[in-house]
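*Asks:* Pasting a structure below so you can have a look.
The values are calculated or read from the model by the stated rules, or taken from the named source; none is laboratory data. Since this is a predicted model, take the numbers as computed values, not measurements. Cβ sites come from the backbone with ideal geometry, for glycine too, and all protein chains shown count toward neighbours. What goes into the accessible areas is simple: the full protein's heavy atoms, side chains included, and nothing from ligands, DNA or RNA. Shrake-Rupley method; radii C 1.70, N 1.55, O 1.52, S 1.80 Å.
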Amino acid sequence: MKKFKIFYFFIFFLIVSCGKKEDLTVSLVNEMKVKDVGEKYAVEFLRTLKQSLMKAMNKGGPYNAVEFCSEKAQYLTRLVEERIDKGIKLKRTSFKYRNPLNKPDKYEKEALSVFEEYYKRFGQLRPYYVQKVKEKDGKYYYRYYKPIVVKPLCLICHGNPEDMDPQLYRIIKEKYPKDKAVGYKVGDFRGVVRVSIPVKVIEKL
Ligand code: HEC
């Protein structure tokens with residue numbers, strides 16, 4: 001009988017301990033740390049992409065740059081992740097995405113909505129947004145989101161299709177038949193850079 005009691009107690013303990021969820025609230029102190037780390041790598045990532053885009057544009061104009069973006073954008077993302085080397089993961093995402101690989105997951109959708117709501121209410125972009133989530137690999141990460149704004153240069157490939165170079169638009173449509181990333185104006189909210197930072201990277205700081 002006693003053995004049974006111990007056995008049941010053990011099962012009860014297992015259920016209680018396994019059911020315990022990681023706390024997903026983000027303290028102000030941790031938010032500030034995530035902001036520092038996230039902003040640093042978001043800026044580094046965007047700078048790398050922009051430099052490569054400008055190089056491709058200068059070398060062979062927009063046709064060359066589209067080829068370059070479609071072949072190299074994902075590769076450059078992995079390259080910057082490797083350079084940082086802390087288990088940090090990067091992504092660009094948007095409600096109106098061009099590459100299906102950049103489609104938002106449910107947490108990214110929540111973040112994009114927060115930026116859109118803020119923009120509607122205050123007429124300007126929220127500077128950043130922070131979350132704590134369990135990602136597909138089963139591990140917990142802090143996520144830092146930085147908004148991306150449309151500049152005049154972007155309209156060459158993300159503007160109104162009627163105003164775009166027809167040949168360029170054709171190339172884009174061939175590569176991305178389900179492209180949603182057109183019709184933007186200067187100053188629009190284009191999407192976000194997402195920086196996922198393993199919880200232990202922040203806790204060590
Ligand atoms: C020469 C054409 C070109 C120009 C100029 C350009 N883009 Fe893009 N953009 C692309 C292509 C092609 C992709 C898809 C990349 C991929 O396959 O991952 C893309 C993807 C993106 C994405 C990732 C989300 C998605 O839609 O897949 C963002 C965000 C983005 N562009 C923002 C910008 C911004 C902001 C500018 C201006 C600073 C800009 N782009 C200028 C061609 C361009």
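*Asks:* Rank by packing, highest mean first: peptides 59-72, 188-201, 160-173, with packing defined as the count of other Cβ atoms within 10 Å averaged across residues.
*Replies:* On the way: 59-72: 15.8, 188-201: 20.4, 160-173: 13.7.
Final packing ranking: 188-201, 59-72, 160-173.
*Asks:* Give a residue-ordered list of calculated ³J(HN,Hα) values for the range 60-71 (Karplus: 6.51 cos²θ - 1.76 cosθ + 1.60, θ = phi - 60°; whole Hz; x for Gly, Pro).
*Replies:* x, x, x, 4, 4, 5, 5, 4, 4, 4, 5, 7
*Asks:* Shifting gears a bit: Based on the alpha-carbon gyration tensor of the range 132-205, what equivalent-ellipsoid semi-axes (square roots of 5 times the eigenvalues) come out, in whole Å, largest first?
*Replies:* Numbers: eigenvalues 252, 46, 13 Å².
For the range 132-205, the semi-axes come out at 36, 15, 8 Å.
*Asks:* Next up: Find how many whole Å separate the alpha carbon centroid of the range 59-77 from the alpha carbon centroid of the range 115-132.
*Replies:* Cα centres, the range 115-132 to the range 59-77: 29 Å.
*Asks:* Using the Cα centre as the reference, give the magnitude of the dipole from point charges on the C-beta atoms of the chain (Lys, Arg: +1; Asp, Glu: -1; all else neutral), rounded to the nearest 20 debye.
*Replies:* Working: 44 positive and 25 negative charges, 151 e Å.
Here the chain has a charge dipole of around 720 debye.
*Asks:* Expressed as a whole percentage, what fraction of the accessible surface of the chain belongs to carbon and sulfur atoms when a 1.4 Å probe is rolled over the protein heavy atoms? Please list the in-between numbers first.
*Replies:* Values: 7720 of 13180 Å².
Reported share for carbon and sulfur atoms: 59 percent.
*Asks:* Which Cα, out of Val66, Met164, Tyr107, lies furthest along the positive dipole direction of the chain (beta carbon charges, K/R +1, D/E -1)?
*Replies:* Working it through, the farthest residue towards the positive pole turns out to be Tyr107.
*Asks:* By what distance, in whole Å, do the Cα atoms of the chain stretch along each of the three principal axes, largest value first?
*Replies:* 82, 35, 30
*Asks:* At 1.4 Å probe size, with every protein chain present, just tell me what the per residue accessible area of the chain comes to in Å².
*Replies:* Accessible surface, normalised per residue, equals 64 Å².
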